[in-house]
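This report refers to the structure that appears directly beneath it.
Coordinate-derived values only; no laboratory data. Just so it is clear, the structure is predicted and the values come from calculations on it, not from any experiment. Counting neighbours? That spans all protein chains shown, and the Cβs are built from the backbone with ideal geometry, glycine included.
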Amino acid sequence: MKLQQEINTFLQENKDENYLLFNQKTVSSKYPMVGIRLPILKQYAKELSSIDPIWFTHVKMDTYEKLFLYGYSLCFLKTDWNTLEQYLWQFFPYLDNWAVTDSTCAHLKQIKKYPEEGYQFILSCLKQKETYTIRFGLVLLLDYYINDIYIDRVLELCNHQYLDEYYVSMAHSWLISICYIKYPEKTEQFFKQAKISTWVHNKAISKICDSRRISKETKERLKKLRK
């Protein structure tokens, strides 16, 4: 109870009304927003983790910002992969927005130490039916697995139709677009035989064409692959 009160006090003391208005326009969440900038939350999560690495197991998650604190604290957790994975599965039922999902993925650096275990975890995420659990798996692929070792497996995973939900489809198309930017030849071949939804197919091409790293000639060629 004391820690709960301390966290609530910290959030109130650091709220930013302008940032709150910004968040309310860009993120939809069932949790009330206080309006705390992410660098402040990340630093506070680090402080909380140094006092109690699993503080999130006994604090009520009742604001949007506490979800960020929870996610960041998982990223600071120094433990073996199996333990971390258990805590990640306990975290997933709280996820209800893209911002907490994507930010947690971006900071989950432990996965670099356990790439194959992380990959198997992602496979489990992609088999679920919850929007943000699936998105978590797709964004982890995007953040850590588009490399020489995993690119063929990543493209194979891209060649699936996942939950027909906006935030899943956006992550799916985003993943494909980054695959193209890093591995253009492999990904262009992927487009020619992919069994994915028309929406994801076209959105991925659109995202690639938005990139300044892609030549005008390549963009024109890719546009011809639209469905």
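Results, tabulated for the structure shown:
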item	result
Global form of region 146-227, assessed from the alpha-carbon gyration tensor, a/c cut-off 1.5	oblate
For the chain, built as a Gaussian network whose Cα springs stay under 10 Å, the top-fluctuating residue of Val139, Val27, Val168	Val27
Neighbour cut-off at most 12 other Cβ (10 Å), DSSP loop, trypsin sites (Lys or Arg not before Pro), region 94-131	Lys113, Lys127, Lys129
Cα gyration tensor shape for region 78-191, rounded if a/c is under 1.5, else prolate or oblate	oblate
Residue-by-residue Karplus 3J(HN,Hα) for region 149-156, coefficients 6.51, -1.76, 1.60, Hz, glycine and proline x	6, 10, 4, 5, 5, 5, 5, 5
Positive-end residue of Gln4, Ser173, Ala106, charge dipole of the chain with Cβ unit charges	Ser173
Contour excess over end-to-end distance, with Cα ends at Trp89 and Asp62 and 0.36 nm allotted per residue	7.9 nm
Mean Cβ count within 10 Å, highest first, over the residues of peptides 198-205, 101-108, 155-162	101-108, 198-205, 155-162
Whole-number percent relative contact order across region 146-227, with pairs defined as alpha carbons under 8 Å at least 6 apart	30
Ratio of the Cα radius of gyration of region 1-113 to 2.2 N^0.38 Å, where N counts its residues	1.02
Cα convex hull volume per residue for the chain (Å³)	127
Net charge dipole size for region 59-170 [Lys, Arg +1 and Asp, Glu -1 on Cβ; Debye, nearest 20]	300
GNM flexibility winner over the chain from Glu17, Glu188, Glu217 (Cα, springs under 10 Å)	Glu217
Hz values of 3J(HN,Hα) by residue in region 204-209 - Karplus curve (6.51, -1.76, 1.60), Gly and Pro given as x	4, 5, 4, 5, 4, 5
Nearest-20 debye value, region 105-227 charge dipole, Cβ charges on Lys, Arg, Asp, Glu	460
Whole-number percent relative contact order across region 1-113, with pairs defined as alpha carbons under 8 Å at least 6 apart	25
Taking Ser215, Ser169, Ser206 and counting other C-beta atoms within 10 Å, the order from fewest to most	Ser215, Ser206, Ser169
Relative contact order %, the chain, counting alpha carbon pairs below 8 Å whose residues are six or more apart	12
Check: the chain dipole with +1 on Lys, Arg Cβ and -1 on Asp, Glu Cβ, in debye	940
In sequence order, calculated HN-Hα J values of region 47-59 (Karplus, 6.51, -1.76, 1.60; Hz; x Gly/Pro)	5, 4, 5, 6, 7, 8, x, 10, 4, 5, 7, 9, 10
